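Asker: Questions regarding the structure given below will be posed in turn.
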Amino acid sequence: MKPLDRIIAAAKAAPRRIVLAEGEDPRIVEAALRASRDGIARIILLGSGDIIRQRLLEAGAASEEIRIEDPATSPLAPRLAASYHRLRQSKGVDAHAAAQALRSPLTFAAMMVRENEADGTVGGAVATTADTVRAALQCIGRAPGAALVSSFFLMMLCQPYHVKKGAFLFADCGLVIDPDATELADIARVSARSYQALAGVSAKVAMLSFSTVGSAAHERVSKVVEATRLAQAADPDLAIDGELQFDSAFVEAVSAAKAPNSPLHGGANVFIFPNLDASNIGYKIAQRIGGATAIGPILQGLARPANDLSRGCSAEDAYHMIAVTTLQAADMRQPTASFLHGGDGDPKP
């Protein structure tokens, strides 16, 4: 089974309530209908009821097929606003400001997740990453034990022209601009757990650099080396190596020549980039030139699932993100598992 098919099948086996903040967008409506009809999630669309019902009609669906909540008129609004007020009053947010904040679909969606009116949320088809992540951090908060919130892309190489096929993880492509060694180590460890939970196979983590095993000397290389050491010390069972250039991590023959003692042997499936410049450029090259399917940015380190779409996303991209968010929500319901979030329990404000 292809990795993407596995994710969709797993979501169908444990559908969850997923609220989509940008419910008026035609791409989101199309993805919502497909997800609902395929049984991968129980969808809630946020926005103007009149606009969404018209979108559904245009898509050949009955208005009753998908649950709609309008932040301006929803009966949930007073309770969510009161909760938001309690959460943010120490930051100077009074009751009136809280009610106004709940008019924002991003805030409304995140508070639905916090108050267990939904199991996860997806935004970003219209809103910026900054706005989407801010709402998640303010309303849902970090998971207990999570050092930071980071992000990753699942890169699917499933086409006939791909020499190496499968699911690969690139991090952090969307949030942490220039992580220090400690942050980079945390990103590596949490990304490995995310990969294992979504792909269903063991993670093999490559800490990427412009240097391979001492081929160059620079403070940026030293950061990657130190991050690798910290990750190994914190998780001795983790299959991780660095510093490695991408080809040494991805191609067995190159690994044999450049890093013959690497435990990865060119078989890495989780790639940790040294900074946001490298990772964001890298995933877009893999997507646009390499033809990889890119799902993300997927957030990790939150108490409950909230994910971000690219503003250039397609309906299919949104559909895939709904499936991933469903799996994250299902994972959070496991009594002993919190691979995708770095902790469990109540969210931290």
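The values are calculated or read from the model by the stated rules, or taken from the named source; none is laboratory data. As the structure is a prediction and not an experimental result, all values here were calculated from the model. Backbone-built Cβ (ideal geometry, glycine too); neighbour counts: all protein chains shown. Just so you know, the surface numbers come from the protein's heavy atoms only, side chains and all, with ligands and any DNA or RNA stripped out. Shrake-Rupley method; radii C 1.70, N 1.55, O 1.52, S 1.80 Å.
Asker: Take region 287-330 and flag every residue that is under 11 Å from the mean Cα position of the chain (by Cα) and either at positive phi or free of Cβ contacts under 8 Å to residues at least 24 places away in the same chain (or both).
Answerer: Passing the criteria: 296, 301.
Asker: For residue 167, are the conditions met, namely being buried (at least 21 other Cβ atoms within 10 Å of the Cβ) and at pLDDT 95 or above?
Answerer: When the stated conditions are applied, residue 167 does not pass them.
Asker: Going through region 222-242 one residue at a time, which ones are more than 12 Å from residue 188 (Cβ to Cβ) and in contact with a Pro (Cβ under 9 Å, 6 or more places away or on another chain)?
Answerer: Selection gives 223 alone.
Asker: I'd like to know if region 274-283 contains one or more residues that are part of a loop (DSSP other than H, G, I, E, B) and either in contact with a Gly (Cβ under 7 Å, 6 or more places away or on another chain) or without any contact (Cβ under 8 Å) to a residue 12 or more places away in the chain (or both).
Answerer: no
Asker: Also, I was wondering about something else. Specify which of the listed residues (108, 153) is of a type outside the set (Asp, Glu), at negative phi, open to solvent by less than 30 Å² (accessible area, probe 1.4 Å) and under 18 Å from the mean Cα position of the chain (by Cα).
Answerer: Every option except 153 fails the conditions.
Asker: Still on this structure: Would you check if residue 6 is under 23 Å from residue 317 (Cβ atoms) and free of Cβ contacts under 8 Å to residues at least 40 places away in the same chain?
Answerer: No.
Asker: So, one more: Please enumerate the residues belonging to region 251-270 that are part of a loop (DSSP other than H, G, I, E, B), open to solvent by 70 Å² or more (accessible area, probe 1.4 Å) and on the phi < 0 side of the Ramachandran plot.
Answerer: 260, 261, 263
Asker: So which residues in region 115-133 are surrounded by fewer than 24 Cβ atoms within 10 Å (Cβ to Cβ), in contact (Cβ under 8 Å) with a residue 12 or more places away in the chain and not in a loop (DSSP other than H, G, I, E, B), if there are any at all?
Answerer: Correct list: 129, 131.
Asker: Report the residue count in region 76-109 for those that are part of a helix (DSSP H, G or I) and either over 11 Å from residue 46 (Cβ atoms) or free of Cβ contacts under 8 Å to residues at least 12 places away in the same chain (or both).
Answerer: 22
Asker: Next question, about the same structure. Test each condition in (1) open to solvent by 40 Å² or more (accessible area, probe 1.4 Å); (2) in contact with a strand residue (DSSP E or B) (Cβ under 6 Å, 6 or more places away or on another chain); (3) of a type outside the set (Phe, Trp, Tyr) for residue 147 and report the one that comes out false.
Answerer: Evaluating residue 147 over (1) open to solvent by 40 Å² or more (accessible area, probe 1.4 Å); (2) in contact with a strand residue (DSSP E or B) (Cβ under 6 Å, 6 or more places away or on another chain); (3) of a type outside the set (Phe, Trp, Tyr) leaves (2) as the failure.
Asker: Something else now. Would you call residue 175 open to solvent by less than 10 Å² (accessible area, probe 1.4 Å) and touching a residue at least 24 places away in the same chain (Cβ under 8 Å)?
Answerer: no
Asker: Would you point out which residue out of 175, 198 is part of a helix (DSSP H, G or I) and either under 19 Å from residue 157 (Cβ atoms) or in contact with a Pro (Cβ under 8 Å, 6 or more places away or on another chain) (or both)?
Answerer: Result: 198 is the single residue among 175, 198 that is part of a helix (DSSP H, G or I) and either under 19 Å from residue 157 (Cβ atoms) or in contact with a Pro (Cβ under 8 Å, 6 or more places away or on another chain) (or both).
Asker: Which one of 298, 281, 289, 285 is buried (at least 24 other Cβ atoms within 10 Å of the Cβ) and not acidic (Asp, Glu)?
Answerer: None of the other options fit; the residue is 298.
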